[in-house]
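Read the structure below first, then the notes.
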Amino acid sequence: MMVDKRQTSATDRYWRIFVARCRLSLTLAAQYRWDFLADGALSFLGLIAGLLPLFVAFEHRTSVRGWSYGEVLLVVGFFTILKAIFSAILLPSLTELAAGVRSGTLDFLLTKPADAQFLVSIARFEFWRLSSLLWGISLCGYAFFRIGRVPGGVDILLALLLLVCGAAVLYSICIFVASLAFVIVKMDSLPFIFSSFLDFARWPASIFRGVVHLIFTVVFPVAILTTYPAEAALGRISLSSLAWGIAWSGALLLLSRLAFRVAVRRYTSASS
Amino acid sequence: MPPSSARIPARSERLSAWRALPTLLRIGFAESIAYRGEVILWMLTMTMPLVSLALWSVVAADGPVGGYSQTQFADYFLVILAVRMGTGTWVTWSISSEVREGHLSMRLLRPLHPLASYAVEMLGAIPLRILCAVPPAAVALFVVASDGVRYATPCIALVLALIGVWCLTFTISAAIGALALFMGSAIGPFMVWQGLFAIFSGYLVPTKLFPGWLSTLADWLPFRYALGFAAEAVLGRLAPGELWRGLLLQWGYVVVMTILTLFLFRRGVRRYEAYGS
């Protein structure tokens, strides 16, 4: 019973740290409340620019590799949702870490009596960037309007489950990148390179063939991020994709945890 | 007008300062070499043309779209990448951060127009940029190499178009950077520019593929002349009439943007309070 009590107090403690971090970020976001609007407007412009190839391509074709216009829009909708989560919750902490490794301020964080990966992951949130969630959800709605049917309850649940898997994959890759930042000290632009490669999740993964397709389902699994949730929402995801999405995202979480621990153990501070 | 310590130097001072240009050029080059890792990594973030190419190569798999076959799409986007790598500039970031941190004061003390010193610094980075542009250009030339060249673009027009792309990109970026003198930060306007640029420059879709009116609009707006126009010239996709008309428009925009940037600097420096130092 003693162990049990200590565990609950530990979760309690982590929860309190998390809430404190969120409050700090919210105070910060309140300073930038105009940025919420500006960011929303700017991300809309970015969304239109990103959709441009689709608009033009479907002027000339009715389907691309078996995906209709509405169905590809759904993929872009899920992409926009994940990108919003990424740039609001994951990217700020990641850039903070990259800067911390270079300047040596990370050492303060590592000496704190809490799990290092946990502290690194919640270092900073930029909540005002969540504004583009709105565009993503609207785009998904519009996509179903174009397809002309309402998704079933089970399909939506599966899509949400796979969206969580996608977020887990994204988080794991972030932790891998973070571990790499420990090894390669001067890596300020690493997060940005990663986020620009994320753009390959914009289209259905079946666009890619052969080795590239394999890379995008296993090594850098953008397929799990957007294609699987879209397929689930459309009610046509195969059992193997579903199993792969769940299993691989779970495995990546564990692998990234391992990589992070190895990286921290081998880390020798940059400042001294 | 109140007397101000921060001012743009008079013309007579400026003329004699041109002797410093070779040294400034060398400094720009040395800086780009010092930050070579950063520069090359930033080049790696230009994935969007390739993302767009992935879509187009599937769309064009069962026949050409708007005059582009599968290999011609590959050529187009690789040339777009090469041109962008060679002619891009980070002058907006430089100006914006120097305004915020007060380093602009240093530049204003020099007997050379700040715009000229920025230009020379950015020119110094060109050798490294061209080096980065070699891989995509080589792949386009030797691996993909479609035989879709319709018009042989005269060498002089090609050179003029490419220099025009650099000049237009630089002047527009500098004008946006100068907005930091009025607004404190130029990041917002820069994002707007980037969004419009992605749409109208041919970065993601050759503008000739747009539906009629949008394509005409892209022909008249400046964005295409800061990228896609030169790529189309390289690929021999412009009829002589189109080519020369485009060059005229491109250089017209360069002149207009230069005047606008000079004006913005003149007005902005008066407001500039040299925070920081």
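Multiplying the residue separation of A:V183 and A:H60 by 0.36 nm and removing their Cα-Cα distance gives an extension gain of 39.5 nm.
Within the listed set A:S68, A:S249, A:S93, the Gaussian network model of chain A (springs between alpha-carbon atoms below 10 Å) gives the highest mean-square fluctuation for A:S68.
Only helical runs count toward this figure. For chain B, summing -39,500 (n - 2.57) over DSSP H runs of n ≥ 4 and dividing by all residues gives -21500 deg cm²/dmol at 222 nm. Taken about its Cα centre, chain B carries a charge dipole of roughly 920 debye when the Cβ of each Lys and Arg holds +1 and the Cβ of each Asp and Glu holds -1. By the compact-protein rule of thumb, 2.2 N^0.38 Å, the alpha-carbon radius of gyration of the stretch A:32-266 corresponds to a ratio of 1.05. Taking 7 Å steps out from each Cα toward its Cβ at B:L196 and A:A99 produces label points 3.0 nm apart. Against the longest principal axis of chain B, how steep is helix B:48-59, in degrees 0 to 90 to the nearest 10, with axes from Cα atoms? So the helix axis and the longest Cα principal axis differ by about 10 degrees. Classify the protein assembly as shown from the C-alpha gyration tensor, please: rounded if a/c falls under 1.5, else prolate or oblate depending on whether a/b exceeds b/c. It is oblate, given that a/c is not under 1.5 and a/b is not larger than b/c. Simple rule: put +1 on each Lys or Arg Cβ and -1 on each Asp or Glu Cβ in the stretch B:11-271, find the dipole, and look at B:G212, B:W251, B:M85; the Cα lying farthest toward the positive end is B:W251. For the stretch B:80-94, backbone phi angles converted through the Karplus equation (6.51, -1.76, 1.60; θ = phi - 60°) give residue-by-residue couplings of 4, 4, 4, 5, 5, 4, x, 10, x, 8, 10, 5, 4, 5, 4 Hz, Gly and Pro being listed as x.
Working note: Karplus 6.51/-1.76/1.60 with θ = phi - 60° gives the stretch A:131-139 the couplings 4, 6, 3, 4, 5, x, 5, 4, 5 Hz, where Gly and Pro are set to x. For chain A, a Gaussian network of Cα nodes joined below 10 Å ranks A:T11, A:T27, A:T62 by mean-square fluctuation, and the top entry is A:T11.
Within the listed set B:D75, B:D219, B:D62, the Gaussian network model of chain B (springs between alpha-carbon atoms below 10 Å) gives the highest mean-square fluctuation for B:D62. The phi-based Karplus calculation (6.51 cos²θ - 1.76 cosθ + 1.60; θ = phi - 60°) puts the 3J(HN,Hα) values of the stretch A:62-72 at 9, 8, 10, 6, x, 9, 7, 4, x, 5, 5 Hz, whole numbers, x for Gly and Pro. Look at B:C167, A:C165 and count the other Cβ atoms within 10 Å of each Cβ; fewest to most, that gives B:C167, A:C165. The fewest-to-most ranking of B:F170, A:F127, B:F229, B:F182 by surrounding Cβ atoms within 10 Å reads B:F182, A:F127, B:F170, B:F229. Starting from the Cα of A:Y14, move 7 Å in the Cα-to-Cβ direction to define the label point; list residues of the stretch A:163-183 whose amide nitrogen is under 15 Å from there. Within reach of a label on A:Y14, which here means backbone N under 15 Å from a point 7 Å along Cα→Cβ, the stretch A:163-183 contributes nothing. Modelled this way, with points 7 Å down the Cα-to-C-beta line, the labels at B:Y35 and A:L28 are 2.3 nm from one another.
Neighbouring Cβ atoms from other chains, within 10 Å of the Cβ of residues in B:207-215, number 2 on average. With the simple model of a label 7 Å out from the Cα in the direction of the Cβ, A:F36 to A:V264 spans 3.3 nm. Have a look at B:A180, A:W135, A:L163 and report the one farthest towards the positive end of the charge dipole of the protein assembly as shown, computed about the Cα centre with Cβ charges (Lys/Arg +1, Asp/Glu -1). The residue sitting most towards the positive pole is B:A180.
Report, in debye and to the nearest 20, how large the dipole of the stretch A:146-272 comes out about its Cα centre when Lys and Arg carry +1 and Asp and Glu carry -1 on their Cβ. It would help to have the intermediate numbers written out before the result.
Numbers: 10 positive and 4 negative charges, 35 e Å.
Dipole magnitude for the stretch A:146-272 comes out near 160 debye.
Counting only alpha carbon atoms, the long axis of helix B:240-271 and the longest principal axis of chain B meet at about 20°.
The relative contact order of chain B, computed from alpha carbon pairs under 8 Å that lie at least 6 residues apart in sequence, is 28 percent. Since only A:S9, A:W244, A:V120 are under comparison, the one whose Cα sits farthest along the positive direction of the charge dipole of chain A, derived from C-beta charges on Lys, Arg, Asp and Glu, is A:S9. The charge dipole of chain A, taken about its Cα centre with unit charges on the Cβ of Lys, Arg, Asp and Glu (plus for the first two, minus for the last two), comes to roughly 480 debye. Between helix A:153-183 and chain A there is an angle of about 40 degrees, using the helix long axis and the longest principal axis of the Cα atoms.
Throughout, read-outs are computed from the coordinates displayed, never taken from laboratory work. Everything numeric here is computed off the predicted structure, so don't read it as measured data. Because the Cβ atoms are built from the backbone with ideal geometry, glycine has one as well, and the counts that use them run over all protein chains shown.
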